[in-house]
Amino acid sequence: VTLIRTVVAISFFSIASIEHSSTWNLIGLAVYWGLDCLDGFLARTLNQETRFGAQFDILSVRFLIAFFYLNYLAFHPELAAVIAVFLFQFMVIDHYLSNQFMRWQLLSPNYFYKVDRTIWWLNWSMPGKFFNSGAVTILLLATNSAWAAWPVLVILFAVKIYSWVRMHRLPLLVG
């Protein structure tokens, strides 16, 4: 499902780029989010989670969000600063944090509660996932205003730095 999601969503994002169409970009985002939810649900329900699958999913998510935002930036160049900061936070800091499950031999970040419940809740619980990957995007789509997104982005950045520092104070444990 991860591969299908990536191919289908990137197809819509590519059409959006070629046609300079915000509608196709939004369709790509909806496909990405919908199939991302389905992907995780099926992997857990069918007991098909793997560490490779988790890493591929994490990388695929970054790739798709980057493509969405590069298109979005073409439609809204006035939002360049907030988009750049969000992408740095999501593609560098959050990507690094999301792969740290490997240090504890967990199947994916979804099981990080076995190591540290606070870090898990802030980053990979349902509210954490929504806040981390959806809040800024939804605010920007709803308002097209950097001013609406900056406060959430600042909080998100602080959560990521806090999580980074807290994570590196944890002893290595076998999950």
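The values are calculated or read from the model by the stated rules, or taken from the named source; none is laboratory data. Note that the coordinates shown come from a computational prediction; the quantities given were computed from them, not determined experimentally. Note that each Cβ is placed from the backbone with ideal geometry, even for glycine, and that neighbours are counted across all protein chains shown. Heavy atoms of the whole protein, side chains included, go into the accessibility calculation; ligands, DNA and RNA do not. Shrake-Rupley method; radii C 1.70, N 1.55, O 1.52, S 1.80 Å.
Given the structure, is Leu106 buried (at least 17 other Cβ atoms within 10 Å of the Cβ) and not in a helix (DSSP H, G or I)?
So Leu106 passes the test.
For the stretch 59-83, what are the residues that are of a type in the set (A, V, I, L, M, F, W, C) and surrounded by 18 or more Cβ atoms within 10 Å (Cβ to Cβ)?
Correct list: Val61, Leu64, Ile65, Phe67, Phe68, Leu79, Val82, Ile83.
In the stretch 1-13, what residues are touching a residue at least 24 places away in the same chain (Cβ under 8 Å) and within 14 Å of Phe67 (Cβ to Cβ)?
Within the stretch 1-13, Arg5, Thr6, Val8, Ala9, Ile10, Phe13 qualify.
Trp120 fails exactly one of the following numbered conditions: (1) within 29 Å of Ala43 (Cβ to Cβ); (2) in a loop (DSSP other than H, G, I, E, B); (3) free of Cβ contacts under 8 Å to residues at least 24 places away in the same chain. What is the number of that condition?
(2)
If I filter the stretch 138-164 down to residues being over 20 Å from the mean Cα position of the chain (by Cα) and in a helix (DSSP H, G or I), which single residue comes out as surrounded by the most Cβ atoms within 10 Å (Cβ to Cβ)?
Among residues in the stretch 138-164 that are over 20 Å from the mean Cα position of the chain (by Cα) and in a helix (DSSP H, G or I), the one surrounded by the most Cβ atoms within 10 Å (Cβ to Cβ) is Thr143.
Among the residues of the stretch 15-56, count how many are among the hydroxyl-bearing types (Ser, Thr, Tyr), in contact (Cβ under 8 Å) with a residue 24 or more places away in the chain, over 21 Å from Pro127 (Cα atoms) and open to solvent by less than 40 Å² (accessible area, probe 1.4 Å).
The total comes to 0.
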